[in-house]
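These notes are about the structure you will find just below.
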Amino acid sequence: MTMSKTLVCDGNEAAAWGVALARPDMVAVYPITPQSSLAEYISQFVADGIIKADLMDVEGEHSVLSVLQGACLAGARTFTASCGQGLAFMFEPYYRTPPLRLPIVMSIVTRDGITPQSVWGGQQDAMTVREAGWIHMYCENVQEVLDTVVMAYKIAEHHDVMLPVNVNHDGNYLSYGVEKVELPDQAEVDAFLGRKDTNWHAALDPERPMAVDPLTGGAGGGGPALFVRYRKGLCKGMQNALKVVPQVHEEWAKRFGRSYAPLVEEYCLEDARYAVVTIGSMTGAGKDAVDLAREVGEKVGLIKIKTFRPFPLEALRRALSKVKAVGVVDRSVSFGWNSGPVYQELLSALYGLNQRIPAVSFIGGLAGADITIEHFTRVIETTAKALKGEVAEGPIWLNE
Amino acid sequence: MRRQARKAFDQSRIPDDLCPIATELTVLRTGDWRAERPVVDRDKCVKCATCWTYCPTQCIVEKETWFEAGLEICKGCGICAQECPHHAITMMEEVEE
């Protein structure tokens, strides 16, 4: 085991320490609740020399990501963080970053959407942009935030991946929740991350001018075929990430002694007849509720999704194949499906499994609402009924 | 920012489906889209450069006594004809030869 320091800090500070350990060259941030203190920690760390990077103060999130695209093309390791309306304002450069294959790392301190006005936690922002081509990883606790930010650079810059990564942590619950955290040793992190490698595919060079992202030809100019080739390339990078994310987590566990399920975690699933499915910080309450139910003999387990993009199809199917009913708790809404997005995509995984089992959609924790052990107990009881054929009509709103 | 040592850029290492940078992509010839072309009346042109200023594709080139559009890039939008204070530019339909 390596030398490490212990801190007591919240998730926003933990993310900033993760950034510091990754030694970025350029950071750009624009504050927005509940990310603001993360932006402040980054600024403070730069001012104190803990992060030796250029800090760009720009006029909004659109410019934040545009600036980082240029920096990344020039060889810089970069970081930013945003959420909510800031992420919405960032969307134009946001969905351009993955096809440019720029390994930018960004924390989304997840927050519920507007309107109605809310500056409190929820995952509507990150879930809304889930199809833009970024890798999305959701953290369960403060230590995982720090560790995952560092791992994100290794995943993003892997030559088989070359995609930007969002490390998502729940606004309020993880952004301001304080825990004891181990700060890894800098030299060990340096060895773990290896050489910076953000622009091996592009390398901006004044002596070698090149067109960055020129228009593809129209239908008469071979454009669509070229376009499809790059689209397939992006899909391939995503699929490669399903191998690279676990490899990087494994190496992290070996070096630093902390292991996390990289894609999907199975909790008490071996003898379970049914399970609840979680994502993000709600998982702690979910596990406690599972423990309580098991004390009175319920054969219930828990399936936690850490990596939502790329979708962990095989890992989730492996977990789902062990149970005969599931209750899925989403912290956001799929308006078009009248359910939660995690629930909806889990149904797709079940289809490929050729296994028709009852699945119930629960939506909770919107706009900063707490998802408590009592809520999960209700989820467990409702899912237990579904197992016996009494399937509740979803979605069930936990915080009405 | 710390300076990185410049090394030769080897494009052959880059997978051909990775990204639209530094690959075989070239800047599109927007002239391929043109349905009408700007034709300059050289007697009326006074080289005031209004067309050069307004052209969104920056395709106007300077000649001895007049300006005209570079037809590889000119997409035939007609802004130059609209803006020319001497009405020296006429949009003419492109026809198959």
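The values are calculated or read from the model by the stated rules, or taken from the named source; none is laboratory data. Because the structure is predicted, anything quoted here is derived from the model rather than measured. Using ideal geometry, Cβ is built from the backbone for each residue, glycine included, and neighbour counts are taken over all protein chains shown. Only protein heavy atoms, including side chains, enter the accessible area calculation; ligands, DNA and RNA are left aside. Shrake-Rupley method; radii C 1.70, N 1.55, O 1.52, S 1.80 Å.
Worth pointing out:
- Computed over the alpha-carbon pairs of the protein assembly as shown, the distance histogram in 20 Å steps reads 21, 46, 24, 8, 1 percent, short to long.
- Percent of alpha-carbon pairs separated by more than 14 Å within the range B:28-91: 48 percent
- GNM result for chain A, Cα springs below 10 Å: residue of A:Pro98, A:Pro214, A:Pro164 fluctuating most strongly: A:Pro214
- Surface share of carbon and sulfur [accessible, 1.4 angstrom probe, percent] for the range A:302-400: 51 percent
- Cleavage-rule hits, chymotrypsin sites (Phe, Trp or Tyr not before Pro), the range A:306-400, DSSP coil, Cβ neighbours within 10 Å at most 12: A:Phe335
- Apportionment of accessible area to carbon and sulfur, the range A:188-247, percent (1.4 Å): 60 percent
- Neighbour cut-off at most 13 other Cβ (10 Å), DSSP loop, GluC sites (Glu not before Pro), the range A:235-316: A:Glu270
- Candidate residues A:Val145, A:Val228: accessible-area rank, largest first, probe 1.4 Å: A:Val228, A:Val145
- Of all lysines in the structure, the ones whose alpha carbon falls short of 22 Å from that of B:Lys44, not counting any fewer than 8 places away in one chain, are B:Lys63.
- Remark: chain A carries 39 Å² of accessible area per residue (probe radius 1.4 Å; ligands, DNA and RNA excluded).
- Angle in degrees between helix A:223-256 and the longest Cα principal axis of chain A, rounded to the nearest 10: 70 degrees
- Between the range A:87-109 and the range B:38-97, the C-alpha centres lie 40 angstrom from each other.
- Using alpha carbons only: equivalent-ellipsoid semi-axes of the range A:247-400, gyration tensor based, whole Å: 23, 17, 17
- In the range A:19-101, GluC sites (Glu not before Pro) in a DSSP loop with at most 15 other beta-carbon atoms within 10 Å: A:Glu59
- Measuring between alpha carbons in the structure, the pairs from A:Lys232/B:Lys75; A:Lys154/A:Lys306; A:Lys243/A:Lys299 lying more than 26 angstrom apart are A:Lys232/B:Lys75; A:Lys243/A:Lys299.
- Helix A:36-47 vs. chain A, principal-axis angle (Cα, 0 to 90°, nearest 10): 40 degrees
- Percentage relative contact order, the range A:96-219, counting C-alpha pairs under 8 Å, at least six apart: 31 percent
- Take the accessible area of B alone and of A alone, subtract that of the pair with a 1.4 Å probe, and the total buried over both chains is about 2600 Å².
- Among beta bridges that DSSP assigns inside the protein assembly as shown, antiparallel share in %, nearest 5: 40 percent
- Angle between chain A longest axis and helix A:61-73 axis [Cα atoms, degrees, rounded to 10]: 60 degrees
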